[in-house]
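Following: one structure in structure tokens, then a few remarks.
The values are calculated or read from the model by the stated rules, or taken from the named source; none is laboratory data. Not measured: the values here are computed from a predicted model. Note that we place each Cβ from the backbone using ideal geometry, even for glycine, and neighbour counts take in every protein chain shown. In case anyone asks, the SASA skips ligands and DNA or RNA and just uses the protein heavy atoms, side chains included. Shrake-Rupley method; radii C 1.70, N 1.55, O 1.52, S 1.80 Å.
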Amino acid sequence: MLNALTIDVEEYFQAHAFENAIDRGAWDRLPARVVENTRRILRLLAEHGTRATFFVLGWVAERHPALVAEIAAGGHELGSHGYAHQLLYRQTPAEFAADLERSLAAIRRAAGTDGAVVGYRAPGFSLTDDSLWALDVLSAHGIRYDSSLQPVADGRGARLRGGKRTGIAGAGRFATRLGTLWEFPVSTVRLGGRNWPVAGGGWFRLLPLWLTRRAIARINGEGHPAIVYLHPWELDPEEPPVAAASALSRFRHRLNLDKTESRLRSLLRESAFAPLREVYAPQLAAS
Ligand SMILES: [Zn+2]
């Protein structure tokens, strides 16, 4: 079974864990680490002859166009992670359209491609019942699939820390049509009547590798590809400490940063991964 590997290309200081500790106005003054960290992933993928989907933040693409070109040259898929890393439901449709346009322009300019970006992932998996309007905006801009749903909500969007929400009431765990788009939710496993987002990010770093492995096998056993997600900063144990963040945010953000690379290497050795666009090529071709 071919699984999907997805990388959200952003700086460590853009993570939501730090949004109250690091002002957006300070982003340009902080040391850039995304280029080296993304290259770490590109090298790892090249070693294993694997390609992935890179959802690039427009802010990053504008500042590091050569990195975007390197990703494209490696045969990977380029998708959009928006421009300014704003949660969907904190934007108006017009603000979101402007953010999306700016990100697509930056990515296409950097990659030297025209119109090849067909996938989108929202910051913070912020596709909820309150932000479904975003799908129409995506569709109007040539996006054909979205991977912003973390299907962990049984009610009106699961509440996360800091008043954040994620998930859509009653949403399924697997690929489905949402409006005129395909939705490819990040992987969860069903356990004890709940969906657990086991295959990426903080969960990937928290859980032992054997559990992630078992989760992927279980999802494959249900007849579906796993959709794994990571960020370049998750492979960077030398990330500068963010003193102003709460102890809990720092703990969650920095947990096992020194283990991600070797875990990813093991997964790449054991399982087959590809970009979302290729894993779901039949679905995308049929729509
Ligand atoms: Zn992000």
Kindly report, to the nearest 10 Å², the accessible surface of R90 as traced by a 1.4 Å probe over protein heavy atoms only. 110
Rounded to the nearest 5, what % of the DSSP beta bridges within segment 155-283 are antiparallel ones? 90
Over the chain, what is the percentage of antiparallel beta bridges among all DSSP beta bridges, to the nearest 5? 25
Multiply the residue gap between T176 and R190 by 0.36 nm, knock off their C-alpha separation, and tell me the result in nm, one decimal place. 3.3 nm
Euclidean distance between Cα centres, segment 79-158 to segment 1-56, Å: 17
Over segment 172-252, relative contact order from alpha-carbon pairs under 8 Å, at least 6 apart, %: 23
Per 0.36 nm of contour for each residue apart, how much would the distance between Q283 and A21 grow if the chain were fully extended, relative to their Cα-Cα spacing? 90.2 nm
Roughly how many percent of the accessible protein surface of the chain is carbon and sulfur, given a 1.4 Å probe and a whole-percent answer? 53
Using packing as a proxy for protection, rank 175-186, 15-26 so that the peptide with the highest average count of other Cβ atoms within 10 Å comes first. 175-186, 15-26
Which residues' amide hydrogens lie under 5 Å from the amide hydrogen of N3, considering only partners 5 or more residues apart or on another chain, with H built in the peptide plane? A272, F273, A274
³J(HN,Hα), Karplus 6.51/-1.76/1.60, whole Hz, each residue of segment 175-188, x for Gly, Pro: 3, 7, 7, 10, x, 9, 10, 8, 10, 10, x, 5, 5, 9
Surface per residue (accessible, 1.4 Å probe) for the chain, Å²: 40
How large is ³J(HN,Hα), in whole Hz, for each residue of segment 30-36 in order, when computed from phi with the Karplus curve 6.51 cos²θ - 1.76 cosθ + 1.60 and θ = phi - 60°, using x for Gly and Pro? 8, x, 6, 10, 5, 5, 4
So, how do all the Cα-to-Cα distances of the chain break down into 10 Å bins, in percent, from 0 on up? 6, 31, 40, 21, 1
